[in-house]
1. Has segment 211-225 got any residue that is buried (at least 21 other Cβ atoms within 10 Å of the Cβ), out of contact with any Gly (no Cβ under 7 Å at 6 or more places or on another chain) and either farther than 28 Å from residue 181 by Cβ or without any contact (Cβ under 8 Å) to a residue 24 or more places away in the chain (or both)?
2. Filter segment 168-192 for residues that are out of contact with any strand residue (DSSP E or B) (no Cβ under 8 Å at 6 or more places or on another chain) and in a helix (DSSP H, G or I); which is farthest from residue 231 (Cα to Cα)?
3. Looking only at segment 339-356, how many residues end up being surrounded by 13 or more Cβ atoms within 10 Å (Cβ to Cβ) and either among the charged types (D, E, K, R) or over 30 Å from the mean Cα position of the chain (by Cα) (or both)?
4. Within the group 242, 264, which residue is of a type outside the set (Phe, Trp, Tyr), in contact (Cβ under 8 Å) with a residue 24 or more places away in the chain and in a helix (DSSP H, G or I)?
5. Checking the structure you have, find out if any residue of segment 36-43 is part of a helix (DSSP H, G or I), out of contact with any Cys (no Cβ under 9 Å at 6 or more places or on another chain) and under 20 Å from residue 134 (Cα atoms).
6. With respect to residue 336, determine if the residue is crowded, with 16+ Cβ neighbours inside 10 Å, touching a strand residue (DSSP E or B) at 6+ places or on another chain (Cβ under 8 Å) and part of a helix (DSSP H, G or I).
7. Tell me, which residue of segment 26-62 that is closer than 22 Å to residue 108 by Cβ and among the hydroxyl-bearing types (Ser, Thr, Tyr) is modelled with the lowest pLDDT?
8. Could you tell me how many of the residues in segment 169-186 are crowded, with 17+ Cβ neighbours inside 10 Å and either charged (D, E, K, R) or assigned by TED's automatic domain parsing to the domain that holds residue 113 (or both)?
Amino acid sequence: MNLLLVGVNHKTAPVEMREKLCSLMPEAGEAYRRLQALPGVQEVLCYRTCNRVEVVCVTEDADTAAREIKSFFAEAPELPAHILDNALYFYRDADAVQHLFRVAASLDALVVGEPQILGQVKEAYRQATQNRATGAVLNRLLHKTFSVAKRVRTETGIGDHAVSVSYSAVNLGKKIFGDLAGKTALLVGAGEMAELALEHLKRQGVARFIIANRTLERAVRLARRFQGVPVALEELEEQLAAADILISSTGSDSYLLTAGQVKAAMKRRKQRPLFLIDIAVPRDLDPAINELDNVYLYNIDDLKEVVEHNVERRKEEAVKAERLVAEETLKFMDWLATLAVFPTIISLREKAAGIVQAELKKSLGHLGPLSPEQQQALDLLTQSIANKLLHDPIMYLKNNHHRKRSRQELDLIRRIFNLDPDRVETS
């Protein structure tokens, strides 16, 4: 029994290739129908994100399964074989387990420590179980994967330090206010930065969103998604009265707010604290705003310093996380090795039972009639002898096999007890 993981990610394949591979799996049911039909594949799980497309399977013939899954990937449209060859990676057994653990724990992510990938793997597992694509091994592996990811989150600080500009902006807001629940956020601009900031703010419990944009249509679209209020850019100064947090990320070539405008707004606000983050280049907000009382202004350079510092902190925490992953990989492989010995243990017991029954049948013809009590005593005696003879080899299989030599040891025991009489020996 082998574990095999095949895939591509942001390190080996450009986004165009990952998009083409994702097109192979437009619908989970169809993807699993095709993957389960591949020769050599017994259990299978596939997951895809913007940064990776991977298939992990249980197989008795890893070489065949690897070829078949590679052929499956090669069906992607307009994907030359030589490009795929350079992008695909193949991990087996402990390496496959460790890779999956690292993916779920966000150690193999584009941004180390970001938590989204775990939810995507959980959703992929849900779809796999719905399609009856997993069995005892993958079920155990995925549950262990989720517990490893949780352990990494709780025992290290890998996710504690913001490493994106928008996330850092929101964390700064938390430092100013302590808690963002119930606050009002004013987003100036409706691009990607604003959208990411909105997502982070929503997770922090911000109660109300106001989206101001030069093109009102884009503001309306973003406001609809986040149940916010769209306003025109000309209304910006007026909207300052209601906002607690302002994040600005437009392409304006002049200041959208001056110190005088903010000072006037602060009078209307009765000096209630105002937190402003200017992540635009060139800047949207007049730097002199920061000189006003109860006004906190940060720009992109301030946030970059935070991000760079936090990237280093995450790298330090990642070292601890890698140790946990390595430890849990060893534990899972120990369990998998014990699973692999069960068929040999069953074969040993079945052979012993067969010998016992055959010899009893021979002997009973020479002993004459026996009472039921004598028959039972003879059965117990022969079974006890067989069990005692098998006790030591069975306990050795269960407890004393070595992971690196397990296959050789199993093979030796099967040869010693002739458990595969039809085996064809090769020189």
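The values are calculated or read from the model by the stated rules, or taken from the named source; none is laboratory data. Owing to the predicted nature of the structure, the values given are computational and were not obtained by experimental measurement. Note that we place each Cβ from the backbone using ideal geometry, even for glycine, and neighbour counts take in every protein chain shown.
1. Yes: segment 211-225 contains one or more residues that are buried (at least 21 other Cβ atoms within 10 Å of the Cβ), out of contact with any Gly (no Cβ under 7 Å at 6 or more places or on another chain) and either farther than 28 Å from residue 181 by Cβ or without any contact (Cβ under 8 Å) to a residue 24 or more places away in the chain (or both).
2. 175
3. Residues meeting the conditions: 10.
4. So the residue among 242, 264 that is of a type outside the set (Phe, Trp, Tyr), in contact (Cβ under 8 Å) with a residue 24 or more places away in the chain and in a helix (DSSP H, G or I) is 264.
5. The answer is yes, given that some residue of segment 36-43 is part of a helix (DSSP H, G or I), out of contact with any Cys (no Cβ under 9 Å at 6 or more places or on another chain) and under 20 Å from residue 134 (Cα atoms).
6. yes
7. 49
8. 1
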